[in-house]
Each structure stands twice: as C-alpha cells, then as structure tokens.
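> Following this message is one structure expressed as structure tokens.
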Amino acid sequence: MVTFRIFYARGLGHPAHAFLMGLFEEWKIELQHLNPIGLLHIANFVTVCEAFLGIDKHVDLFREMFIGRPIVLR
C-alpha cells in the first residue's frame with residue numbers, strides 16, 4: 001500500500017477501531033510497537049465482544065483477559 005506523509009499531516013490515515021485507538025492512548029504506544037500476535041489478540045477481543053457476547057468493549061476487561069498474573073502456590 002502506498003501512502004503519502006502529507007495525508008497524515010492533514011489528519012488522514014488508515015481507519016482504526018475506536019477501541020484500538022483507546023488502547024493506544026491508554027498504553028501510550030503506537031501501531032508499530034505491537035507485534036502481529038498482539039494485533040491479533042486485540043482484533044479477536046473486539047470480534048468476540050461485538051459479534052458473540054454483544055457487550056461493550058472495555059480496556060479493563062481486555063486487561064483482565066490478556067494480562068497474565070503470577071500463580072501463587074500454597
């Protein structure tokens with residue numbers, strides 16, 4: 001895909017989902033900071049929430065599902 005810098009300077013760019021843009025704002029990252037698997041996880045989360053569960057997407061729910069926690073054995 002060919003694109004020109006002036007498009008981005010004028011506010012035009014590749015359309016992204018509002019949830020993805022919210023994650024970028026929350027985490028203070030940009031698209032190039034994610035690997036393909038990370039993008040796949042985000043896309044799958046959005047699809048599951050919208051198509052199968054019928055619920056609103058939320059950053060806290062995403063964090064709960066995909067950010068690991070240490071397992072404490074007692």
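The values are calculated or read from the model by the stated rules, or taken from the named source; none is laboratory data. Quantities reported herein were computed from a predicted structural model and do not represent experimental measurements. Please note that ligands, DNA and RNA were not included when accessible areas were found on the heavy atoms of the full protein model with its side chains. Shrake-Rupley method; radii C 1.70, N 1.55, O 1.52, S 1.80 Å.
> Working carefully through the options Arg63, Arg74, find the one that is open to solvent by 100 Å² or more (accessible area, probe 1.4 Å), at pLDDT below 85 and among the charged types (D, E, K, R).
One residue alone meets the criteria, Arg74.
> Could you check the stretch 11-43 and list, in sequence order, the residues that are of a type in the set (S, T, N, Q) and not in a helix (DSSP H, G or I)? Don't jump to the end; show me each part of the working.
Taking the stretch 11-43 as the starting set, the residues that turn out to be of a type in the set (S, T, N, Q) are 32, 35.
Across the stretch 11-43, the qualifying residue is only Asn35.
> Inside the stretch 1-47, can you point out the residues that are of a type in the set (Lys, Arg) and within 20 Å of Val59 (Cα to Cα)? Show your work before the answer.
Quick first cut of the stretch 1-47, residues of a type in the set (Lys, Arg) only: 5, 10, 28.
Listed by number, the list holds a single entry, Lys28.
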